[in-house]
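To keep things clear, I will list the structure first and then write my remarks on it.
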Amino acid sequence: SPTFERLGRALARHVRAFAHALELDLDGRELAMTDCWVNVMPRQVVHGLHLHPLSTISGTYYVRTPRGAP
(Lines give C-alpha, C1' and ligand atoms only; values in the text may rest on other atoms or scores of the structure.)
Protein backbone atom coordinates (compact mmCIF):
# COMPACT_ATOMS: atom_id res chain seq x y z
CA SER A 1 0.00 0.00 0.00
CA PRO A 2 1.43 3.42 -0.90
CA THR A 3 -0.01 4.81 2.33
CA PHE A 4 1.91 2.35 4.49
CA GLU A 5 5.03 2.79 2.34
CA ARG A 6 4.94 6.52 3.14
CA LEU A 7 4.40 5.77 6.81
CA GLY A 8 7.32 3.31 6.76
CA ARG A 9 9.63 5.89 5.20
CA ALA A 10 8.53 8.53 7.71
CA LEU A 11 9.23 6.19 10.64
CA ALA A 12 12.48 4.68 9.30
CA ARG A 13 14.79 7.39 10.64
CA HIS A 14 13.22 7.11 14.10
CA VAL A 15 13.65 3.33 14.06
CA ARG A 16 17.31 3.68 12.98
CA ALA A 17 17.95 6.19 15.78
CA PHE A 18 16.24 3.91 18.32
CA ALA A 19 18.26 0.88 17.14
CA HIS A 20 21.43 2.97 17.45
CA ALA A 21 20.48 4.09 20.97
CA LEU A 22 19.95 0.42 21.89
CA GLU A 23 23.40 -0.34 20.43
CA LEU A 24 21.95 -3.09 18.26
CA ASP A 25 24.62 -4.89 16.25
CA LEU A 26 22.92 -5.13 12.86
CA ASP A 27 26.18 -6.22 11.18
CA GLY A 28 25.35 -4.55 7.86
CA ARG A 29 21.72 -5.67 7.95
CA GLU A 30 18.75 -3.32 7.75
CA LEU A 31 15.56 -3.36 9.75
CA ALA A 32 12.37 -3.52 7.70
CA MET A 33 8.72 -3.00 8.53
CA THR A 34 7.13 -6.38 7.84
CA ASP A 35 3.73 -6.02 9.48
CA CYS A 36 1.40 -3.13 10.01
CA TRP A 37 -2.16 -3.00 11.27
CA VAL A 38 -4.74 -0.48 12.42
CA ASN A 39 -6.57 -0.28 15.74
CA VAL A 40 -9.52 2.07 16.11
CA MET A 41 -10.37 2.48 19.76
CA PRO A 42 -13.10 4.62 21.34
CA ARG A 43 -12.46 6.91 24.31
CA GLN A 44 -11.58 5.36 27.65
CA VAL A 45 -10.37 2.10 26.04
CA VAL A 46 -6.86 0.80 26.66
CA HIS A 47 -4.76 -1.67 24.74
CA GLY A 48 -3.48 -4.35 27.10
CA LEU A 49 0.17 -5.27 27.53
CA HIS A 50 1.29 -7.80 24.93
CA LEU A 51 4.41 -9.02 23.13
CA HIS A 52 5.55 -9.25 19.53
CA PRO A 53 8.00 -12.16 19.91
CA LEU A 54 9.29 -12.21 16.32
CA SER A 55 9.88 -8.45 16.15
CA THR A 56 13.19 -6.73 16.76
CA ILE A 57 11.42 -3.41 17.32
CA SER A 58 7.70 -2.77 17.54
CA GLY A 59 5.88 0.43 18.29
CA THR A 60 2.73 2.48 17.95
CA TYR A 61 1.97 5.50 15.79
CA TYR A 62 -0.94 7.52 17.14
CA VAL A 63 -2.78 9.33 14.36
CA ARG A 64 -4.94 11.26 16.78
CA THR A 65 -5.06 11.45 20.56
CA PRO A 66 -7.38 13.33 22.90
CA ARG A 67 -6.12 16.66 24.25
CA GLY A 68 -4.09 16.10 27.41
CA ALA A 69 -3.30 12.46 26.66
CA PRO A 70 0.15 11.40 27.92
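The values are calculated or read from the model by the stated rules, or taken from the named source; none is laboratory data. Nothing here was measured: the structure is a model prediction, and the numbers come from that model. Positions of Cβ are generated from backbone atoms using ideal geometry, with glycine treated the same way; all protein chains shown enter the neighbour counts. We work out accessible area using only protein heavy atoms, side chains counted, and drop any ligands, DNA or RNA first. Shrake-Rupley method; radii C 1.70, N 1.55, O 1.52, S 1.80 Å.
Brief remarks follow.
- For the chain, the Kirkwood hydrodynamic radius comes to 14.5 Å, computed from all pairs of different C-alpha atoms.
- About its Cα centre, the dipole of the chain is roughly 520 debye, where the only charges are +1 on Lys and Arg Cβ and -1 on Asp and Glu Cβ.
- For the stretch 53-61, Karplus couplings with θ = phi - 60° (6.51, -1.76, 1.60), whole Hz, Gly/Pro x: x, 9, 9, 6, 9, 9, x, 10, 10
- Positive-end ranking of Gly28, Ser58, Gly68 along the dipole of the chain, with charges on Cβ about the Cα centre, is headed by Gly68.
- Between Glu23 and Ser55, the FRET efficiency from the beta-carbon distance, with R0 = 30 Å, is close to 0.95.
- FRET efficiency, Phe4 to Val46 (Cβ-Cβ, R0 25 Å, nearest 0.05): 0.50
- Folded to 0 to 90 degrees: helix 2-21 orientation relative to the chain principal axis, Cα: 60
- Note, ³J(HN,Hα) from phi for the stretch 39-51, Karplus 6.51, -1.76, 1.60, rounded to Hz, x at Gly and Pro: 10, 10, 10, x, 4, 6, 9, 10, 9, x, 4, 7, 10
- List Val40, Val15, Val45, ordered by accessible area with a 1.4 Å probe, largest first: Val40, Val45, Val15
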